Amino acid sequence: MVIFLGKRLVYMLLTMLAVSILVFLLLEVNGEAVATKVLGPYISEEQRRLWLEANGYLRPWSVRYVEWLGRILSGDFGESIVFKVPVAGLLAQRLANTGVLGAVVLAVMVPLSIALGVLAGMREGSWLDRSISFVSVLTTSIPEFASAVLLTFVFSYWLGWLPGISMMAEGFDPVQLILPAMVLILYGFGYITRMMRASMAEVMQTAYIRAAVLKGIPFRHVVTRHALRNALIAPFTVIILQVNWLLSGVLVVEFAFAYKGFGALLLEGALNQDIYVIEACALVSVFVAVATQTVADIAYTYLNPRIRFT
Amino acid sequence: MNIEDLRKVHVAIPALVEDLERGRLGRRDFLRTATLLGLSAGTAYFVAGKATGGHAVGPVRAQGEPRKGGVLRIGMSVLDISDPAVYDWSEKANVARQIVEPLARVGSDNITRPHLAERWEANDDVSEWTFHLRRGVRWNNGDEFTADDVIATFERWLDPATGSSNLGRFSGLTITEGGVTRIAPGAIEKIDDHTIRFKLQRSMLAFPESLGDYPALITHRDFVRSGGNLIENPVGTGPFLLESFSVGEGAVLKKRPPSEYWGDEVYLDGIQYLDLGGDPAAQIAGLASDQVDLLYTLDIALLPAVRNMPNVKVYEKVTAIAGFARMRVDQKPFDDKRVRQAIQACIDHQRVLDLAYQGLGVKGEDHPVSPIHPEYSELPALVQDYGKAKSLLAEAGYPNGLDIEINCVADPKWEGNVGQVIAEMVAPAGIRLKVNILPGGTYWDRWTSWPFSVTQWTSRPLGIQVLDLAYRSGVPWNETGYSNPEFDRILDQAEATLDVGERRELVRRLQQMLQEDANTIVPFWTKIFTASTDRVQDYEYHVSREQHLEKVWLS
């Protein structure tokens, strides 16, 4: 087990290293471009060269890479060109914001989709199953930017129940989280529900479930005590992977509701070519992706005693 | 007030009054020119009223008594405002102008009035301006506002190392020797603590107007010494103090103790700027759910939606804002005038306006003087002529058409529309135009260098200002590379001509030169819009989207 864990961690580190080299080559190797971004286009050639020299851009790129990596590992991501503050602080704040939104979404979406999936899958082909499946597919087909507009119209303009934007201008306000969370939950629950349903339906076909039913165990107990734990294995990994989506896939929602999260930061950085922000966000996104994959793999071995990775 | 008193203010004013009485000069033009030459706005209105026989009333106030208190929340991009001298976006100046102020201010009616300056005089050929500064003005750190502050600010502007656009704006105060530009000796003379004389190398009629442009805010004499950062040291003469500021998020301003401010007490307790990001949906959602009170601007695509919202007011203004589809005359294939004229011949300006901007504006004539400018004269209409376009192209050596690209900024969206419509219009002549939509950061990085692109120019009070900023040889914002000594010569002459009719004639020649050169397609002049909730009172929308908030109150 420990060897397995060790191997996964090593793979993770190697992936991160490869990505960091890629990011560096794409963005930092061309010192001229960085200088233009940071100093602006009206600076003279002379001043640009002075800046490049002062910041060590004239040395071989392998040396610069190692130094850059060292800085990244110690938490210094440079200063944002657009926001004029250290990227590290900005990143932490925005990640926290997205984290809050993600936590709320997960807290509602996971129980909801598991419950719906179980209800759909325990009696495959029933009226309940058909309607839950239909709703799941329907909501997953509506893209976030469309549902954001629709929900804002219904709840903000028409009914006036909820605030239209989530800027949190006067400090944290949980009511402002409702609309963005609703959009994300609506979009995301269908996928997990259907995974849960498929898994549940498959488990309900197995011999041991049939035996339990024949033995006379009440149907509720068959589902909750025997089927559920086995059915949860596959959807569980899917849920962990959704965490990855909640980090960068939410940028449409964050943008539409003026929510100052990680996705909005990446978008603004990319649109305005804020090099240090883009680097930092890229590295963080890949780290989260790789980390969630690793966690999912490890959790899978625990949940399913039949699998053994040695 | 008799003619002799008027003549004492400036020799040219009596002639203006006569023109007004005889109907040779419009009332607006009279007001504009008279105030430019030093007549106070009140007196100008009075004289105009007497001359035309009508009532001399100023702008009408809204109903209801103004109420003190409240914080106005404005949805606007919050960008870095640390150095007022290098502002390149009007949004930056809007936050800063509540703290630091200009010498003169262009009102929402396009008339320039004294602000930190009390009054000014010009000599006969308008090459020397004497400014009398307002007394009793205090910086919010307690210092008194004097000529030293103004001179220190000018010295920063005119130093090439600062990188300020004011260097081009006030190029008349500088000389260039051996490739180095510096302030001309004796150009800025301190007469006393509240009087400064400016001696320009050539006549400049729009000197006060230029001082009202958004990058011309006056900073404290110790601005550089104390760090050169307005955010960290928000020392200013204005009615508000900067409480907090965060790029990309927001800014909070609070009312300065009224006794310290030189003007009337403002009604608002404070102003809060909120950066809602780039999504227009967020902007109107914010307005609808009362999370912001006022928007900086409104995309015309959102007009139908906003007009249907209860509790929301829409403001509109005809402006001299336009998208200039300009070509660099020093890059192939646009270096051949026939190619440019061919492209020009394909355009139906009214149609571009209807398709790209819902017809909300007036059509342009491929030069930068707008119908709202006093010097404007209408040129014979440009007609779409594909035959002419094709033959010009063939002459220039492109009988099989041309493959070119045009760059447009993603925001505002209508610029992309303009690009698309132009692409459709030039297609029958065999020109295959590829439209590239670039995000703001990419576009504005090298906006003067693109061979063919659409640049949005803001509204300025006088037509000669844009001619000077964009088409004079060698100035920083000359994005076409146009360099014509004859043009420069007539422009200099126009800037020294007081008589509006004569100036109009000179500007007409400049208009014709640019139109014939076809280096810029100006398809239309836009109307701009914004919106606020019903609570916002006495907000006047400005042609350049400046926000003058001293008289605004919340009901």
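The values are calculated or read from the model by the stated rules, or taken from the named source; none is laboratory data. Quick caveat, the model's predicted, so the values are computed rather than measured. Neighbour counts are summed over all protein chains in view; Cβ atoms, including those assigned to glycine, are modelled from backbone coordinates with ideal geometry.
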So residue A:295 clears everything in (1) assigned to a helix (DSSP H, G or I); (2) buried (at least 20 other Cβ atoms within 10 Å of the Cβ); (3) of a type outside the set (Gly, Ala, Ser) except one condition, right? Which one? (2)
With the requirement that a residue be crowded, with 16+ Cβ neighbours inside 10 Å, closer than 20 Å to residue A:264 by Cα and without any contact (Cβ under 8 Å) to a residue 60 or more places away in the chain, what does region A:136-150 give you? A:147
Can you confirm whether residue A:164 is away from every other protein chain (no Cβ under 12 Å) and either crowded, with 23+ Cβ neighbours inside 10 Å or farther than 22 Å from residue A:136 by Cα (or both)? no
Residues that are more than 14 Å from chain B (Cβ to nearest Cβ), farther than 30 Å from residue A:139 by Cβ, in a helix (DSSP H, G or I) and at pLDDT below 90: does region A:54-61 have at least one? yes
Taking region A:71-101, which residues are of a type outside the set (Gly, Ala, Ser), without any contact (Cβ under 8 Å) to a residue 24 or more places away in the chain and more than 13 Å from chain B (Cβ to nearest Cβ)? A:71, A:73, A:76
Close pairs (8 angstrom Cβ cut-off, 6 or more residues apart or separate chains): farther than 19 Å from residue B:30 by Cβ in region B:354-374, basic (Lys, Arg) and part of a strand (DSSP E or B) anywhere: B:360/B:527; B:361/B:527
Can you name the number of the only condition in (1) in the same structural domain as residue A:293 (by TED's automatic domain parsing); (2) buried (at least 18 other Cβ atoms within 10 Å of the Cβ) that residue A:80 fails? (1)
Here are B:225, B:202: which of them is part of a loop (DSSP other than H, G, I, E, B), over 30 Å from residue B:32 (Cβ atoms) and more than 14 Å from every other protein chain (Cβ to nearest Cβ)? B:225
Being crowded, with 20+ Cβ neighbours inside 10 Å and either within 24 Å of residue B:435 (Cα to Cα) or of a type in the set (Phe, Trp, Tyr) (or both) is the filter here; which residues of region B:458-484 pass it? B:470, B:471, B:479, B:480, B:482
Among the residues in region B:285-299, are any hydroxyl-bearing (Ser, Thr, Tyr), over 24 Å from the mean Cα position of the chain (by Cα) and farther than 25 Å from residue B:117 by Cα? yes
Residues within region A:66-87 that are within 15 Å of residue A:275 (Cβ to Cβ) and not in a loop (DSSP other than H, G, I, E, B), tallied: 6
Helices (runs of 4 or more DSSP H) (entirely within region B:243-351) containing at least 3 residues that are crowded, with 24+ Cβ neighbours inside 10 Å and away from chain A (no Cβ under 11 Å): B:337-345
Among the residues of region B:183-223, write down those that are among the hydrophobic types (A, V, I, L, M, F, W, C), surrounded by fewer than 16 Cβ atoms within 10 Å (Cβ to Cβ) and under 22 Å from residue B:100 (Cβ atoms). none
Within region A:240-248, is there a residue that is closer than 30 Å to residue A:298 by Cα, over 18 Å from the mean Cα position of the chain (by Cα), of a type outside the set (Ser, Thr, Tyr) and more than 14 Å from chain B (Cβ to nearest Cβ)? no
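Rundown of residues vs (1) touching a helix residue (DSSP H, G or I) at 6+ places or on another chain (Cβ under 9 Å); (2) over 30 Å from residue B:297 (Cα atoms), yes/no style:
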site	(1), (2)
B:376	yes, no
B:388	yes, yes
B:403	no, yes
B:407	yes, no
B:414	yes, no
What helices (runs of 4 or more DSSP H) lie completely within region B:434-541 and have 3 or more residues being more than 14 Å from chain A (Cβ to nearest Cβ)? B:463-466, B:485-494, B:500-517
Can you tell me which residue is surrounded by the most Cβ atoms within 10 Å (Cβ to Cβ) among those in region A:167-178 that are in contact with a Pro (Cβ under 9 Å, 6 or more places away or on another chain) and more than 9 Å from chain B (Cβ to nearest Cβ)? A:178
With respect to residue A:35, determine if the residue is closer than 30 Å to residue B:246 by Cβ, in a helix (DSSP H, G or I), not aromatic (Phe, Trp, Tyr) and not assigned by TED's automatic domain parsing to the domain that holds residue A:173. yes
Over region B:403-433, the set of residues assigned to a strand (DSSP E or B) and within 20 Å of residue B:343 (Cα to Cα) is B:403, B:404, B:405, B:406, B:407, B:408, B:431, B:432, B:433
Screening A:267, A:251, A:271 for residues that are free of Cβ contacts under 8 Å to residues at least 12 places away in the same chain, within 14 Å of another protein chain (Cβ to nearest Cβ) and surrounded by fewer than 22 Cβ atoms within 10 Å (Cβ to Cβ) leaves only A:271
